[in-house]
Amino acid sequence: MPNVSMTVNGKAASGEVEGRTLLVGFLRDQLGLTGTHVGCDTSQCGACVVHVDGKAVKACTMLAAEADGADVKTIEGMAAPDGTLSTIQQAFQDHHGLQCGFCTPGMVMSAAALLAENASPSEQEIREYLEGNICRCTGYHNIVKAIMAAAGHDVSAIAAE
Amino acid sequence: MPKDHGIGAAPKRREDVRFLTGAGNYTDDINVRGQAYVYFLRSDVAHGRINGIDTGAAAAMPGVVRIFTGADFEGVGGMPCGWQVTDRHGEVMQEPAHPILAQGKVRHVGDPIAAIVADTLEQARDAAEAIEVDMEELPAVIDMKAALADGSTKVHDDLTSNLCYDWGFVEENRDAVDQAIKDAAHVTTLELVNNRLVANPMEPRVAVGDYNRGTDDSTLYTTSQNPHVIRLLMGAFVLGIPEHKLRVVAPDVGGGFGTKIFHYAEEAFCTFAAKACNRPVKWTASRTEAFMSDAHGRDHVTKIELALDADNNFTAVRTETHANMGAYLSTFAPSVPTWLHGTLMAGNYRTPLIYVNVKAVFTNTVPVDAYRGAGRPEATFQLERVIDKAARELGVDPIALRRQNFIQPDQFPYATPVAVEYDTGDYDATMNKLEEIADLSGFAARRAASEAKGKWRGLGVNCYIEACGIAPSNLVGQLGARAGLYESATVRVNATGGLVVMTGSHSHGQGHETTFPQVIAEMIGIDESMVEIVHGDTANTPMGMGTYGSRSIAVGGSAMVRAAEKIINKTKKIAAHLLEASEADIELKDGNFTVAGTDKSVDWGSVCLAAYVPHNYPLEDIEPGLEETAFYDPANFTYPAGAYSCEVEVDPETGKVTIERFAAADDFGNVINPMIVEGQVHGGLAQGIGQALLENCAYDETGQLLSASYMDYAMPRADDLPFYSVDHSCQTPCTHNPLGVKGCGEAGAIGSPPAVVNAVIDALHSGGKTGVLHIDMPLSPDRVWAAMQ
């Protein structure tokens, strides 16, 4: 079986994988990073989004072998080492942008990627960017609001909490 | 000034930090040392006879531990049904066997034929491909009316027909309703489909079975809304494991929406196989597997008639519904089209005569059961659609027609003709609030603006009422429930004053870890951080019935209040002893016990410590320790109600509908945490709008499931939906539970589908643009465009 090595959340990680092992399987099963979730099998739901070399990637759509040598960041690497939440994570808590929490890691990783590309996205740009992330709990209202707030928009006029 | 703690405050959710940092503990995150993996070989035909299964080659493949088929479960109970409906002739429903693995026949695409346990999931999956199944395909029964026709193929050979039951409610009203409809000045008739949906919590179902040979104990980790219910059903009715030898754990659960209430074959299989193989056995559903094994929702076909007198007062409602049960009876399936549906047909109105007929039908499809709202969305949709159609036929304002027929505030408690008694409500108040928050007076200008850019704009308004806080046990027992529907809580106070609430309710997104402590903090006057909530494990919570039917705060919260009251009563006795005062004079406020009218006081922590270090303590009167349990059985359902509005734009070139505005004015009684309540409404709205515009679980005529992935089943996405305007300031508190709460989990999904459809019909019909008076959901562009032609 091939051996893969990569940097995950700033630390070196390596292991033997089958050729068919997906990146998400390597992260969850071999590295124990269970924050990255699997919600579908057709690359639609986005619960498995991680950053590979700074780009948002669905970890169910990439072989672990393809990530050999890459710099991978998962939800576990988003907060500061002392536990302080990142701006986008804190905005999700402040604006009740999560309920069951299952889609949340992928949402946060996608939102972070969006803000890295576009520091001040409009509501419509946020909604379109999240096309590949499905949430069944929140109706997206508070997710969109949280991302707008993280981008520095004044969200006080948006109806309700 | 909003409160910053206790009831009515909106503290940030404490569970969020673990979910936001990847530290949640969902069932698929649990791995038990030495575990094997199971893959289920599922039927790819809707109906077939199994003439043989050859597992020989597969069993010899690498890593295979054991292969199970139906034959391995002949001595084991089938999946039980928790509700027995009695039909209009006094006969009990037909109740087919539901084996864990198919025995002799498969009855829907996805029915499990064999289970392969192997060292890895990949090995199990590879071995499944080597299993030879000699399957004789049989004609599939998909359409409900065809299933009831004479000579139809039967889903179950040992039943007399495909009719599960023919239910009439209230049967004694039938003739009077028929007469009222004959005598009516106007009758509006509508035939409609309540489309089949799949709940689709983002976390697929998972089960991990574990068996301890040393103690003969079994443990099941599972994605459940109600672990005690699973323990009882699986232990007592399926596997014959006494409850004290069986532990069921439902840790963090990634959404439920009803579909994780039910006991599923995979749970029983993993528990059984862990003992049979002497290895932990894990199953994780793929999404496609979820589509063909999670219980589906809705799937009603209904004809409704609304009779009005010459003054437009509602005089009678008559309905006839065909309700799809699928191939087997899922745990609570029979209750959904009957007691959770017929009892809501009065809606918010004074209609004096109502008759509901429901024929439940077996077909070669995945079983159907409760999905967010469960029966109440179906009732609301048909009633609010037929009222809208009546207003259009009569040329009257649909809001005025509703207001004219509302139950009035001075009529509560109000006994409906469909056997329930609404305790409180004020339907004009929520309609007034809706008109305000939705700016309905500005609609004409918005319509003109839409038309100026070539779009047709429509406004849909409707009301809803639901029965929540499920449910009084003695009542549901009379109606066929094979379970009690109380809830439980144990409050354990530690020696240093912090406390743990062990609740039978289960949080899978609802935020109980935040809201339940708000209640305790309010009652005792301590900081919420001193309260921990434990749920989801039968080993450390009292027997409880779990979370569904918007029951957690109304029933589970009430149990917690009752247990906390017992604690407070006992601490007052201890405080009276410490303060050398009469118990009657002790007051508890802000975490301090004081003797009324004096400055003598002792704090909460000192009293708790005294209970565990009882040196100066009335041992002759009370026991040491501070731990109390309460079981709360509600006296009635609760009746949240509200008024919703939707504005859509329809593109006349393509039939594409966009939601431009959506407003919801709800009366949930008292509210513990407004932030969480609003979030619940948002989520319900998205699911209801999804049903109305996007989602459809489709079968072809051979029973192939056409919508078995997110490529084919249109889940609502962020750019399908607007910001919502929601309000819960109209509050008529529930009169029969200690918190005055009604529950908010399902309202959005119940109230929103008719608002969307009413809005689209308004866009198409107003001003004589078209004669379209109804389109069945989902209102996809092709359906809307076709209707317009």
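Derivation of every value follows stated rules applied to the coordinates shown; laboratory data play no part. Because the structure is predicted, anything quoted here is derived from the model rather than measured. Don't worry about glycine lacking a Cβ; one is built from the backbone with ideal geometry, like all the others, and counts go over all protein chains shown.
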Cα gyration tensor of chain B, axes a ≥ b ≥ c as square roots of the eigenvalues: rounded (a/c below 1.5), prolate (a/b > b/c) or oblate? oblate
What Rg and what Dmax come out for region B:571-691 when only alpha-carbon atoms are used, in angstroms? 26.6, 84
Would you mind ranking B:C697, B:C270 by Cβ crowding within 10 Å, fewest neighbours first? B:C697, B:C270
Net charge near B:V109, counting Lys/Arg +1 and Asp/Glu -1 over other residues with Cβ under 9 Å of its Cβ? -1
So how strong a dipole does region B:275-343 carry about its Cα centre when Lys and Arg Cβ are +1 and Asp and Glu Cβ are -1, to the nearest 20 debye? 720 debye
Per-residue ellipticity at 222 nm attributable to helices in the protein assembly as shown (runs of n ≥ 4 DSSP H, -39500 (n - 2.57) apiece, nearest 500 deg cm²/dmol) works out to -7500 deg cm²/dmol
With label points built 7 Å along Cα→Cβ from the Cα atoms of A:T42 and A:A157, find their separation and express it in nm. 3.9 nm
Three-way shape label, region B:486-632, alpha-carbon gyration tensor, a/c 1.5: prolate
Once region A:87-150 is represented by equal point scatterers at the alpha-carbon sites, with solvent omitted, what log10 I(q)/I(0) does the Debye formula produce at q = 0.14, 0.21 Å⁻¹? -0.30, -0.72
Could you tell me the ratio Rg/Rh of region B:1-145? Both radii from Cα atoms, Rh via Kirkwood. 1.18
In chain B, which longest range has no GluC sites (Glu not before Pro) that are both DSSP loop (not H, G, I, E or B) and surrounded by at most 13 other Cβ atoms within 10 Å? B:130-579
With a Förster distance of 25 angstrom and the Cβ-Cβ distance between B:R482 and B:K145, calculated FRET efficiency to the nearest 0.05 equals 0.25
Among B:G6, B:L706, B:V671 the positive-end extreme of the charge dipole of the protein assembly as shown (Cβ point charges): B:L706
Can you compute the modelled spin-label distance between B:N432 and B:R14, with each label point 7 Å from Cα toward Cβ, in nm? 4.0 nm
On the formula 1/(1 + (r/R0)^6), with r taken between the Cβ atoms of B:R33 and B:A60 and R0 of 25 Å, the FRET efficiency rounded to 0.05 is 0.40
How high is the relative contact order of chain B, given as a whole-number percent (alpha carbon pairs under 8 Å, six or more residues apart)? 15 percent
With a length cut of 24 Å (Cα positions projected on each helix's long axis) and a Kyte-Doolittle mean of at least 1.0, go through chain B and give me the DSSP H helices that pass. B:747-765
Dmax and Rg, reported as Rg then Dmax, of region B:399-477 (C-alpha, Å): 18.1, 59
What shape does the protein assembly as shown have by the C-alpha gyration tensor, where a ≥ b ≥ c are the square roots of the eigenvalues, rounded means a/c under 1.5, and otherwise prolate means a/b greater than b/c and oblate the rest? rounded
Leaving out same-chain residues fewer than 8 places away, which lysines sit with a Cα under 29 Å from that of B:K3? A:K145, B:K12, B:K433, B:K566, B:K570, B:K572, B:K589, B:K600, B:K742
List A:T7, B:T571, B:T215 from most exposed to least, where exposure is judged by having the fewest other Cβ atoms within 10 Å. B:T215, A:T7, B:T571
Anchor B:K275: aspartates and glutamates whose Cα lies under 12 Å away (excluding residues fewer than 8 positions away in-chain): B:D210, B:D216, B:D217
For the pair B:D712 and A:K55, the simple spin-label estimate (label points 7 Å beyond Cα toward Cβ) gives in nm 3.1 nm
